[in-house]
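Encoded as structure tokens, the structure appears first; notes follow it.
The values are calculated or read from the model by the stated rules, or taken from the named source; none is laboratory data. As the structure is a computational prediction, the values presented were derived from the model and not from experiment. All Cβ positions, glycine included, derive from the backbone under ideal geometry; neighbour counts span all protein chains shown.
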Amino acid sequence: MRTRFPFSGIALCAALIGVGITSSFAADETLRSLAEKNGIYIGAILNSQWFNGGLPGNYEQIHKTQFNIVVAENEMKFDATEPSEGRFNYNNGDKMVKYAQQNGMRVRGHALAWHSQVPNWVNNYKNDKQKLLKVLKNHIENVVGHWKGQVAEWDVVNEAISNNEPQWRSYSVWYQGIGPEFIDSAFVWTHAVDPDAELCYNDYNLEQGINPKAKAGFLLEQVKRWVANGIPIHCVGSQTHVEDTTTDKHFIGSPDSLRSLARELAKLNVKLKITELDIGFKSGINVSKSDLERQGQTFRQYLDIVLEEPNVDTYLIWGVSDKWSWLSGLNRQKGLIYDDNLQPKPAFDSILVRLQTFEPPQDTATTDTTTTDTTTTDTTVTDTTTKDSIGLPIIPQSAGLGSVTMHIAGHTLFIAGTLSAKVDVFDMQGRPVFSTKCEKGFVELNGIADGLYMVRVRSGSANLVQRIAVK
Ligand code: G3I
């Protein structure tokens, strides 16, 4: 029920000219609710501190409110699940699976065969191929079997390709002891245990082009071979640990390059998933507001791939808050979408606004199956918008907003039901264009050109978002 409250004694001096209401969004929309509307997964790791109870309560509150897919930062890796030969430890993984089930979230399993975080006892067998094959097969059968039907997708193999010239990573115990065919076997064994799970090859620096000399180019050749040989690979995970363009002069990764990889994989009927996204700045430099806004645009550009490429469905960020991030180990900082105080950064705004403004392409490819409809239809549109006393549409307030409402008229935004509100205006690409505090019941959106925008009004727990046409 839309209700309106009289402006709190504010004499409305601004002339109400031109009205541009296009549509509005429920104030309680989250990255999760918008992701689900768009049929994609948006997620973040559960940092290792979560498993040890070392995080503030609002971390989990944010996590389960904003995300619909989860992966453990370290707790499902080889060293965590089989710390000694034949002895399996599922406790932390079970804790995460239970959390995910309680909160209706999809679970990613990370990672079955990786050169890193392999317990020492495995390395004892690096010169015994048959034994190493048995070790890997037994690990996969036990771990995947334990979470069968609960873990929806697995990073079966992680980072098996060398960083330099495109070739296999030679210092992997699996490569050294078995050869590159450990990959084929790992996928076949995993699929045999859980045929319903999506099986991914996961790696980093895949956003640097698909020419044969690039890592992604080498990977594409392997995926073509695996697919041709009937290896059950369903997806490629692009970790996407990238650095902000202006601080990393060697930065050669880009959203466009990753999109090219997605399109090549689509030809093979293989998905691409963004699995470990962070967009860091070099440690030690001062990160300005405009740097953070640019970071938000880069986050949005990677999200565009997920929204626009049919074979891309996952946007997973390798952390929630800058305060708990592995990035310092990479001499980077501030790569996530919440700050040290668990407050949303401009990157959060960019992602949210992009999800709110995304219009799925109309499917023009369908064959015309319409039958000729001879009935006359009443084309008059009944305007069901509730209007106020002067004929202005009332922007629906969402449940939980209390009494806060807003009206836009020309360049004047009227806000009622609160004495103080934060007003942020974004362009349709999620870029912030105007920000102010409203304490008079209205704000002049000065300096904003006519056009479509998203305006967000925050007051206490209220968070009202709507698309506006300024004219
Ligand atoms: O558990 C031990 C603890 O007992 C000990 O006291 C402590 C101090 O040494 O170390 C703890 O282990 C650490 C582990 O994280 C759990 O916190 C390891 O030292 C540390 O190296 C490990 O770092 C993880 C890293 O993978 C290992 O390679 C990061 O948290 C994790 O974010 C990172 O994640 C990887 C992905 O799995 C694969 N893609 C790259 C990504 C970033 O490196």
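Here are the numbers:
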quantity: Of residues in region 327-342 being crowded, with 17+ Cβ neighbours inside 10 Å and either within 13 Å of the ligand (Cβ to nearest atom) or within 11 Å of Q49 (Cβ to Cβ) (or both), the one nearest to the chain's Cα centre (by Cα); calculated: L336
quantity: Subset tally (residues that are within 19 Å of K289 (Cβ to Cβ) and either modelled with pLDDT under 80 or touching a Phe, Trp or Tyr at 6+ places or on another chain (Cβ under 7 Å) (or both)) for region 416-445; calculated: 8
quantity: Matching residues, region 282-326, being touching a Ser or Thr at 6+ places or on another chain (Cβ under 6 Å), in a strand (DSSP E or B) and away from the ligand (no atom under 16 Å from the Cβ); calculated: K282
quantity: Which listed residue is in contact (Cβ under 8 Å) with a residue 12 or more places away in the chain, surrounded by 15 or more Cβ atoms within 10 Å (Cβ to Cβ) and away from the ligand (no atom under 16 Å from the Cβ), from L112, L136; calculated: L136
quantity: Tally of residues being under 18 Å from V404 (Cβ atoms) and of a type in the set (G, A, S) across region 423-461; calculated: 5
quantity: Among (1) at pLDDT 95 or above; (2) over 30 Å from R294 (Cα atoms); (3) within 16 Å of the ligand (Cβ to nearest atom), the one test that G145 misses; calculated: (3)
quantity: In region 83-109, residue farthest from F187 (Cα to Cα) [restricted to those that are within 16 Å of the ligand (Cβ to nearest atom) and of a type in the set (G, A, S)]; calculated: S84
quantity: Extreme residue, farthest from T240 (Cα to Cα), among residues of region 39-54 that are more than 14 Å from the ligand (Cβ to nearest atom) and touching a helix residue (DSSP H, G or I) at 6+ places or on another chain (Cβ under 6 Å); calculated: I40
quantity: Residues satisfying the stated conditions in region 68-87, i.e. β-branched (V, I, T) and farther than 12 Å from H139 by Cα; calculated: I69, V70, V71
quantity: Subset of region 237-271 that is within 16 Å of L303 (Cα to Cα), among the small types (G, A, S) and surrounded by fewer than 20 Cβ atoms within 10 Å (Cβ to Cβ) - its residue that is modelled with the lowest pLDDT; calculated: S254
quantity: Selection status of V457, among the aliphatic types (A, V, I, L, M) and touching a Ser or Thr at 6+ places or on another chain (Cβ under 9 Å); calculated: yes
quantity: Any hit, region 22-35, residues being modelled with pLDDT under 50, of a type in the set (S, T, Y), in a loop (DSSP other than H, G, I, E, B) and more than 17 Å from the chain's Cα centre (by Cα); calculated: no
quantity: Subset of region 411-455 [in a strand (DSSP E or B), within 13 Å of L352 (Cα to Cα) and out of contact with any helix residue (DSSP H, G or I) (no Cβ under 8 Å at 6 or more places or on another chain)]; calculated: V425, V455
quantity: Selection status of V118, free of Cβ contacts under 8 Å to residues at least 60 places away in the same chain and in the same structural domain as I45 (by TED's automatic domain parsing); calculated: yes
